[in-house]
Amino acid sequence: MFKKVVAAISLCTCLFANSAQMNKVSPDEAIEILKNGNTRFLEWKASHPNADKIRLDELSKGQKPFVTINGCSDSRVPPEIIFDQGLGDLFVVRTAGNVSATDQIGTIEYGTEHLGTRLVVVLGHTKCGAVTAVAKGEHVHGNIPALVSSIVPPVKKVKSAHVNEEYGKWLNEAIIENAYESIANILKKSETVRELVLSGKVKIVAAIYDVDSGKVKFLGEHPEQLRLLANIEANKILAKKLQSVKKQETVKKQETVKKHEEPTREPIREQKREKVEIKY
Ligand SMILES: [Zn+2]
């Protein structure tokens, strides 16, 4: 079954190959640009590019960022500074805990499908307050429980592998898992992004910013991406099959109802036939 679904994914790759006009910067080139920018930032050699009048005038005609970043709102992690980029370079979503819920995913769809960015980076960071709150089991109120609800599963998963260990020992692992969870949610909930990933046009990677050193570590794609995509496709196939079975059942039911009605109709037909016979 898994092989069949993987084959189906390869087929999708061809079908969706020409669906969007994408940025000329490839996913791997985009990662290199970000890595180089982070190195300049780390070495205190930031060039603060694309922050002048020429760039401003250029962008008044439209934007063409080369990457979509889904990062945390933490004030210590501003993407333009840590990657040494300027105006119009990064299309950024920032929410506490770098979660991927409806609004974030919609923004990512806009960044990839409409603006043509070929790389999506889910940017987590060390000492993340949102992940820490969940790891510590803190009581939150207002709209925060809804916000952190998607952080709970990855934290639970990591916690279960560290029974009786203090949260500080597995927090960094939970932060990484949370970044992967964010990628998984994008793939599960966005058919648009999923198709772009399947076509090879877009890559989604996780990265973690170290708030102590200022270094960004790129972790790559979700380690289970292929299986994840295969499961989604398998579920779609299953859903179609269920729909077809339901249709067949409905047709059968309708046929049964007709059969029950037939005895009352038959005498009427016979009567009509008799009338015709009398005429002859
Ligand atoms: Zn954070």
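I'd like the residue in the stretch 50-73 that is in contact (Cβ under 8 Å) with a residue 24 or more places away in the chain and in a loop (DSSP other than H, G, I, E, B) and, out of all such residues, is surrounded by the fewest Cβ atoms within 10 Å (Cβ to Cβ).
63
Conditions tested, residue by residue: (1) within 25 Å of residue 80 (Cβ to Cβ); (2) in a loop (DSSP other than H, G, I, E, B); (3) in the same structural domain as residue 130 (by TED's automatic domain parsing).
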residue	(1), (2), (3)
150	no, yes, yes
183	yes, no, yes
188	no, no, yes
195	no, no, yes
200	no, yes, yes
204	yes, no, yes
212	yes, yes, yes
228	no, no, no
233	no, no, no
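Conditions tested, residue by residue: (1) among the polar types (S, T, N, Q); (2) within 16 Å of the ligand (Cβ to nearest atom); (3) in contact with a His (Cβ under 9 Å, 6 or more places away or on another chain).
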site	(1), (2), (3)
37	no, no, no
60	yes, no, no
65	no, no, no
82	no, yes, no
87	no, no, no
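Look through 96, 133 and report the one residue that is under 29 Å from residue 191 (Cα atoms) and not charged (D, E, K, R).
96
What are the pairs, 6+ residues apart or on separate chains, where a residue within the stretch 118-130 that is at pLDDT 95 or above and part of a strand (DSSP E or B) has its Cβ under 7 Å from a residue that is more than 9 Å from the ligand (Cβ to nearest atom) and aromatic (Phe, Trp, Tyr)?
123/209; 125/209
Looking only at the stretch 117-131, decide whether some residue is away from the ligand (no atom under 13 Å from the Cβ), of a type in the set (D, E, K, R), touching a helix residue (DSSP H, G or I) at 6+ places or on another chain (Cβ under 9 Å) and closer than 27 Å to residue 22 by Cβ. Before the answer, list the steps.
Residues of the stretch 117-131 that are away from the ligand (no atom under 13 Å from the Cβ), as a first pass: 117-121.
From what's left, of a type in the set (D, E, K, R): 118.
Still in the running and touching a helix residue (DSSP H, G or I) at 6+ places or on another chain (Cβ under 9 Å): 118.
From what is left, the residues that are closer than 27 Å to residue 22 by Cβ are 118.
Yes, the conditions are met somewhere in the stretch 117-131.
The values are calculated or read from the model by the stated rules, or taken from the named source; none is laboratory data. Quick caveat: nothing in here was measured; it's all calculated off a predicted structure. Neighbour counts are summed over all protein chains in view; Cβ atoms, including those assigned to glycine, are modelled from backbone coordinates with ideal geometry.
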